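Q: Can you read through this structure? Questions will come right after.
The values are calculated or read from the model by the stated rules, or taken from the named source; none is laboratory data. A quick note: this is a predicted structure, and the numbers were derived from the prediction, not measured. Don't worry about glycine lacking a Cβ; one is built from the backbone with ideal geometry, like all the others, and counts go over all protein chains shown.
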Amino acid sequence: MNPFPLTAGHPRLRHHVLEPRHGRAPRRTFVLAHALGCDLTMWDELATHLSADSRVVVYDQRGHGGSEVPAGPYTMAALADDASRLIDELQLGPVTWIGLSMGGMVGQELALSRPGQVRALVLANTTSAYAAEARTGWAQRIAAIEQGGLAAIVDGAMLRWFHDGFRAAQAATVARWRDRVLSCDTAGYLASCHAVAGVDTTARLPRIDVPTLVIAGELDLGTPPDMARVIARAIPQARLVILPQASHLSVLEQPLAFRQAVEDWLQGLPD
Ligand SMILES: O=C(O)CC1=CCC(=O)O1
């Protein structure tokens, strides 16, 4: 566990480094980036699994979890710059990036702005842009939080994050993630909404020239499969996998299927 060693003048980011359990040199290095309103614990299960033979870094994005909350609004470029600094300062070399939702947006921006830092990408439950109607939805969400705090939006988030069957069967998990949203720093969440609402990589995606796995949840209402199709069509080396019975937080709803999709894809890549 490494607390806060990042450069003065930039937000300190809570992060953990899991070294490979087999004790030898890491096969790969992964960085895992969480969704809006979540934190690094979103990856507990996948990170444990990947660290059997690889180095895995999980971190809290600015405004989230145990990381600093600089004044907003944030931009996707700033979030990608945070990630780039983390990779540099931990001397991770080119990494395999796994990002879900906001974490996938940061992954796109990082691969575009710092191509030397990314050797492969997993973009899960994410988008490269929002249409006008969805951007209005983000403006409404921001206004609702400014008026009523995170309590005003948390139930809507649970409906987008978890499908009906999961909410019924896994009430304790849903309650835990609901609490996680409510315990977010409100200013950090709001500042991050601005970055997410402004994501805009679609026209640049053809420049991403690393192997990319695009994962969608068939029931995802926040970033539906059509958004994943746009990304997968635009990135030359992309593979698209749509997970059945998965909504927005697909790695929590379908951890085995998510992991299997990643493993199958990794098998076709060089170490
Ligand atoms: O909270 C949501 O509605 C879904 C979402 C969009 C970006 C993100 O990280 O989560």
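Q: I need every pair where a residue in the range 1-23 that is more than 21 Å from Ser51 (Cα to Cα) has its Cβ under 9 Å from the Cβ of a residue that is part of a loop (DSSP other than H, G, I, E, B) and modelled with pLDDT under 60, sequence separation at least 6 or different chains.
A: Arg12/Pro3; Arg12/Phe4; Arg12/Pro5; Arg12/Leu6
Q: Give me the residue from the range 72-90 that is in a loop (DSSP other than H, G, I, E, B) and either closer than 23 Å to Leu256 by Cα or at pLDDT 95 or above (or both) and, out of that set, nearest to the ligand (Cβ to nearest atom).
A: Here the residue is Tyr74.
Q: If you scan the range 173-200, which residues turn out to be within 14 Å of the ligand (Cβ to nearest atom) and of a type in the set (Ser, Thr, Tyr)?
A: Result: Tyr189, Ser192.
Q: Failed condition for Thr41, given (1) buried (at least 18 other Cβ atoms within 10 Å of the Cβ); (2) hydroxyl-bearing (Ser, Thr, Tyr); (3) under 15 Å from the mean Cα position of the chain (by Cα), with all others met?
A: Unmet condition: (1).
Q: Can you tell me which residue among His49, His22, His64, His10 is away from the ligand (no atom under 16 Å from the Cβ) and modelled with pLDDT of 95 or more?
A: After applying the criteria, what remains is His49.
Q: Further, regarding this structure: Quick test for you: out of Arg167, Arg141, pick the one residue that is within 14 Å of the ligand (Cβ to nearest atom), part of a helix (DSSP H, G or I), of a type in the set (D, E, K, R) and surrounded by 15 or more Cβ atoms within 10 Å (Cβ to Cβ).
A: Arg141 is the lone residue from the list that is within 14 Å of the ligand (Cβ to nearest atom), part of a helix (DSSP H, G or I), of a type in the set (D, E, K, R) and surrounded by 15 or more Cβ atoms within 10 Å (Cβ to Cβ).
Q: Additional query: Provide a single number: the residues in the range 30-56 that are hydrophobic (A, V, I, L, M, F, W, C), outside any loop (DSSP other than H, G, I, E, B) and out of contact with any Ser or Thr (no Cβ under 7 Å at 6 or more places or on another chain).
A: Residues meeting the conditions: 10.
Q: Among the residues of the range 96-109, are any more than 26 Å from His194 (Cβ to Cβ), assigned to a strand (DSSP E or B) and not small (Gly, Ala, Ser)?
A: yes
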